[in-house]
Amino acid sequence: MRPLGPVHWGVEALALRRANGDAAGMSTSPPTHPADPGPSVEGEPVQNGPDTWPSSGRKRHALSLFSALPSDYDRVGALMSFGQDRRWREAMVATVGARPDQRVLDVATGTGMVAAALVRRYDCTVVGIDQSTEMLAGAEARRAGDPHLAERLSLRRGEAERLPFADADFDHVTFTYLLRYVDDPAATLRELARVVKPGGTIASLEFGVPARARLRALWTLYARIGLPLIGGLFSREWAETGRFLARSIPDHYARFPLAALRAMWLDAGIGGVEIRHMSFGAGVVTWGTRNPREGADAGAGPGGDLG
Ligand SMILES: C[S@@+](CC[C@H](N)C(=O)[O-])C[C@H]1O[C@@H](n2cnc3c(N)ncnc32)[C@H](O)[C@@H]1O
């Protein structure tokens, strides 16, 4: 197991980017982070630094979107979900079952809420990875305010599509609100499964859309009107995020219905896939166990409720 050193580059890179005139952080091109030295793990050179990242519209949008949100992220997220998001994260974390001597990778860690919940619950070691310098700066601030968390949590900048870790490097992996932002969710899931030891848990949290017609209609009304309104109380960028979520969540399930997503998990070599719908389906927790052999018997294990 390799200990990762604390990172301070996130805050510095953010300051430099602002100094370069990108204070609003809503540019449509990917950030170049000219002075971002990238994370270092015991002196290893950065293999997949931001300069080598490919850029698609979806990718550019995700980088741009999250560059403006970290300062209010935890508060607005709680408000937009009527305080349910914390309960959803706790439910996801509860599926992991880590031991204190184990190492968990939290992908799309953002401001580190899931990473902190993992440490709180299991006292395990956590590596949080995210492609957004700005969101990582939020996670770094969380670390800085909590010495025990700082001891257990390391942060790293990187992409879910190309994790800078060896096969089976982690005991478990968690990821939250990630697959809507990647071009190829199936390939990303395979990459996430790659770094987990056989028998380890892979767990995720995503927004959902209620299945029952009346609830779905209410959800749609709230998403289209309520989310931008609540977001607008904070900033123009949050109002735009509200509008984006109202489109992005149903679009995701139109492209990948839950049955297709479950099949993706199985194809990625994750068995015993279970799905829990929370808050009438507005939150979806999915988890499973890394199979012993790549792609083998991927369908084994108890099936989940596909709603
Ligand atoms: C909605 S936030 C979730 C943050 C946090 N996990 C939580 O519990 O709220 C989504 C995060 O995914 C990150 N992200 C999106 N696409 C990514 C990718 N391809 N690789 C790594 N991080 C990504 C964003 O930068 C953002 O921080």
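A few notes on this one:
- In terms of surrounding Cβ atoms within a 10 Å radius of their Cβ, 209, 126 rank from fewest to most as 209, 126.
- Residue order for 151, 159, 240, 140, fewest other beta carbons within 10 angstrom first, comes to 151, 240, 159, 140.
- Beta bridges from DSSP with both residues in region 157-307: antiparallel share about 75 percent, rounded to the nearest 5.
- J(HN,Hα) series, region 161-175, from Karplus relation 6.51 cos²θ - 1.76 cosθ + 1.60, nearest Hz, glycine and proline x: 6, 9, 6, x, 9, 6, 4, 6, 6, 10, 6, 8, 9, 10, 8
- Note that region 77-89 has calculated 3J(HN,Hα) couplings of x, 5, 5, 5, 9, 6, x, 7, 4, 5, 4, 5, 4 Hz, one per residue in order, obtained from phi through the Karplus relation 6.51 cos²θ - 1.76 cosθ + 1.60 (θ = phi - 60°); glycine and proline are x.
- Modelled spin labels at residue 255 and residue 229, positioned 7 Å past Cα toward Cβ, are 3.0 nm from each other.
- Burial ordering of 111, 201, fewest other beta-carbon atoms within 10 Å first: 201, 111
- Summing charges over neighbours of residue 187, with a neighbour being any other residue whose Cβ is under 11 Å away from its Cβ, gives -2 when K and R count +1 and D and E count -1.
- Shape category assigned to region 108-180 from the gyration tensor of Cα positions, a/c cut at 1.5: oblate
- Between residue 101 and residue 75, the C-beta separation translates, for a Förster distance of 30 Å, into a calculated FRET efficiency of about 0.30.
- Theoretical FRET efficiency, 1/(1+(r/R0)^6), r = Cβ-Cβ of residue 162 and residue 141, R0 22 Å, to 0.05: 0.25
- Integer Hz, Karplus 6.51/-1.76/1.60 couplings in order for region 212-224, x for Gly and Pro: 6, 3, 5, 5, 5, 5, 4, 4, 5, 4, 5, 5, 6
- Using the Cβ-Cβ distance between residue 243 and residue 121 with R0 set to 22 Å, the FRET efficiency works out to roughly 0.05.
- For region 213-270, a crude dipole built from +1 on the beta carbon of Lys and Arg and -1 on the beta carbon of Asp and Glu, taken about the Cα centre, is about 240 debye to the nearest 20.
- For residue 124, the amide hydrogen comes within under 5 Å of no other amide hydrogen, counting only partners 5 or more places away or on other chains and with H modelled in the peptide plane.
- Close amide H partners of residue 270, meaning residues 5 or more places away or on another chain with modelled amide H under 5 Å apart, are 291.
- Inter-label distance, nm, simple model (7 Å from Cα along the C-beta direction), residue 151/residue 263: 4.8
- Dipole magnitude of region 177-249, debye to nearest 20 (Cβ charges: Lys/Arg +1, Asp/Glu -1, about Cα centre): 320
Every number here is computed from the coordinates shown, using simple stated rules; none is lab data. What you see is a predicted model; the values in this text were computed from it and never measured. Counting neighbours? That spans all protein chains shown, and the Cβs are built from the backbone with ideal geometry, glycine included.
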